[in-house]
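The structure under discussion appears below in the form of structure tokens.
The values are calculated or read from the model by the stated rules, or taken from the named source; none is laboratory data. Everything numeric in this text was worked out from a predicted model, so none of it was measured. With ideal geometry, Cβ positions are generated from the backbone for all residues, glycine too; neighbour counts draw on all protein chains shown. Side chains are part of the model used for accessible areas, which takes the heavy atoms of the whole protein and leaves out ligands, DNA and RNA. Shrake-Rupley method; radii C 1.70, N 1.55, O 1.52, S 1.80 Å.
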Amino acid sequence: STGAYGYYDDDLSHQETYGNLYNWYAIDDSRGICPEDWYVPTEAEWTELEVYIMNDGYAGIEGNALKEIGYEHWYNDGNPDHEGLDIYGFTGLPGGYRNYGNGGYYSMGADGTFWSSSESSRTSAWYRILNYYSSSVYRNSYSKQSGYSVRCVGD
């Protein structure tokens, strides 16, 4: 129930590429995890981003618009419709996640999971997923004890 972070497989080389995986309590911590004048986006702001991408002509490939260009860090499923385009400079990477139950690390190269600052219940919060086998952005809610990536937004 307190802020914590780690990096995939506790391997420092993964931190250099993908950054840290934070539990949701690190986001809610009064010390903050973002630089001054930056913050973790809310669920509504994530939705606003997705709507913007769709209205900007990229409906149906919102995930591709946010993933890094090509397949440098992402698994390649052979479907060119899933290739990252990085249209907005988000450069989403597949840093995987840390399971809250067993502490195991999963899905590096396959999934990029990003917290929102919005709770969905007392024990869960909303996050977004980019994955290698899809061009979409998925929305889900899960335990605040899970370890996901964070993207800070400037004021």
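Tabulated results
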{"read-out": "For the range 95-155: relative contact order, % (alpha-carbon pairs under 8 angstrom, 6 or more apart)", "value": "33"}
{"read-out": "Built amide H within the under 5 Å cut-off of Ser117, gap 5+", "value": "Thr42, Glu43"}
{"read-out": "FRET efficiency, Thr47 to Asn76 (Cβ-Cβ, R0 30 Å, nearest 0.05)", "value": "0.55"}
{"read-out": "For peptides 112-125, 66-79, sequence by mean Cβ density within 10 Å, most packed first", "value": "112-125, 66-79"}
{"read-out": "Cα shape, the range 31-119, gyration tensor, a/c 1.5 rule", "value": "oblate"}
{"read-out": "Degrees between helix 43-53 axis and first principal axis of the chain (Cα, 0 to 90, nearest 10)", "value": "10"}
{"read-out": "Antiparallel DSSP beta bridges within the chain, percent to nearest 5", "value": "90"}
{"read-out": "Nearest-20 debye value, the chain charge dipole, Cβ charges on Lys, Arg, Asp, Glu", "value": "540"}
{"read-out": "Per residue, in Å², the accessible surface of the chain once ligands and nucleic acids are set aside, probe 1.4 Å", "value": "52"}
{"read-out": "Within the accessible area of the chain (1.4 Å probe), percent carbon and sulfur", "value": "46"}
{"read-out": "Computed [θ] at 222 nm, helices only, for the chain once each DSSP H run of length n ≥ 4 contributes -39500 (n - 2.57)", "value": "-4500 deg cm²/dmol"}
